[in-house]
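The values are calculated or read from the model by the stated rules, or taken from the named source; none is laboratory data. Treat the numbers as computed from the prediction; the structure is a model and nothing was measured. Glycine gets a Cβ as well: all are built from the backbone with ideal geometry, and neighbour counts include every protein chain shown. These accessible areas exclude ligands, DNA and RNA; they are computed on the full protein's heavy atoms, side chains included. Shrake-Rupley method; radii C 1.70, N 1.55, O 1.52, S 1.80 Å.
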Amino acid sequence: MALFKPKFITFDCYGTLINFDMAGAAARCFKARVAADEMQAFTTDFARYRLDEVLGAWKPYYDVVSNALQRTCKKWGVAWDKADSDFIYTDCASWGPHPDVPAGLAKLATEFPLVLLSNSMKDLLPHHIPRLGAPIHMAITAEEVGAYKPQMKGFEYMLQKLDCRPDEILHVSSSFRYDLMTAHDLGITHKAWVNRGHEPANPYYGYTEIHDIGALPAVVGL
């Protein structure tokens, strides 16, 4: 893996590069309605419903968040209001990168074009790209694709736009369920898993494990 020189390094954005604080936003919003010792289970359900929401036909990400939040509240018997969905979605725009990201990406960008394949919207991603600390060659949103990861369509669309084969890129993500399983199924042989504690390791899917983006330049020989 260390000797592989990809044509492009492609990234999941939220969670991998941007500190995806959906759980924190939900906890702040519902702190008066959900007990502190139950909040982690509440926000875990919220994450599971978001995954379920992206598996069907494309819809705006606000609707993904809002539908998942309403389903979570129904399960928990907690009151929901549109203002709750508004609060959480608005909070998304305030998030910044993980501390290790800007320096790591800046080093990679000296040798490789960096590409984002994000489950995001055209009006949301521009808040975060300037905070990454490195030039981004191409940024693709689920809105542009018309489908969310883990569906294959986004990866297929990205490879077509980049005019390259699956084995010519290195795809980087902190999530198996959203990215690395699908990348494996599509023949993307070069993958890096950023272990940010979101999910357990799963060696079947064939990847190089790193603990932060600062370790990624060594994977490509920098």
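The table that follows gives values for the structure above.
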{"read-out": "Candidate residues Ser173, Ser94: accessible-area rank, largest first, probe 1.4 Å", "value": "Ser94, Ser173"}
{"read-out": "Cys29 - accessible surface, heavy atoms, 1.4 Å probe, Å² rounded to 10", "value": "20 Å²"}
{"read-out": "Total charge dipole magnitude, the chain, about the Cα centre, Cβ charges on Lys, Arg, Asp, Glu only, Debye to nearest 20", "value": "100 debye"}
{"read-out": "Estimated 222 nm signal from helices in the chain, with DSSP H stretches of n ≥ 4 weighted -39500 (n - 2.57), rounded to 500", "value": "-10500 deg cm²/dmol"}
{"read-out": "By average C-beta atoms within 10 angstrom, highest first, the peptides 216-222, 145-151", "value": "145-151, 216-222"}
{"read-out": "Interchain or long-range residues, amide H under 5 Å from Ile140's placed H", "value": "Leu116, Leu117, Ser118"}
{"read-out": "Gyration tensor verdict on the range 142-193 (Cα atoms; rounded if a/c is under 1.5, prolate if a/b is larger than b/c, oblate otherwise)", "value": "oblate"}
{"read-out": "Ser94-Phe4 pseudo-label distance in nm [points 7 Å out on the Cα-to-Cβ vector]", "value": "3.9 nm"}
{"read-out": "Carbon and sulfur %, accessible surface of the chain computed with the full protein complex present, 1.4 Å", "value": "55 percent"}
{"read-out": "Cα-only Debye scattering, the range 1-49: base-10 log of I(q)/I(0) at q = 0.17, 0.30 Å⁻¹", "value": "-0.61, -1.11"}
{"read-out": "For His127, solvent-accessible area (1.4 Å; no DNA, RNA or ligand), Å²", "value": "80 Å²"}
{"read-out": "Accessible surface, 1.4 Å probe, highest first, among residues Lys31, Lys122", "value": "Lys31, Lys122"}
{"read-out": "Accessible area in square angstrom per residue, the chain, 1.4 angstrom probe", "value": "45 Å²"}
{"read-out": "Alpha-carbon centroid distance for the pair the range 137-191 / the range 1-76, whole angstrom", "value": "19 Å"}
{"read-out": "Using alpha carbons only: equivalent-ellipsoid semi-axes of the range 176-222, gyration tensor based, whole Å", "value": "18, 14, 8"}
{"read-out": "Net lengthening on full extension, Ala83/Thr110 (0.36 nm per residue, minus Cα-Cα)", "value": "5.4 nm"}
{"read-out": "Over the range 96-207: Kirkwood hydrodynamic radius from C-alpha pairwise inverse distances, Å", "value": "14.6 Å"}
{"read-out": "Accessible-area ranking of Tyr14, Tyr204, largest first, probe 1.4 Å", "value": "Tyr204, Tyr14"}
{"read-out": "Residue among Trp95, Cys13, Gly24 farthest towards the positive dipole end of the range 1-147, charges placed on Cβ", "value": "Cys13"}
{"read-out": "Per-selection metrics, the range 25-105 (Cα): Rg and Dmax in Å", "value": "14.0, 44"}
{"read-out": "Amide H contacts of Phe8 (H built 1.01 Å from N, under 5 Å, at least 5 apart or other chain)", "value": "Leu170"}
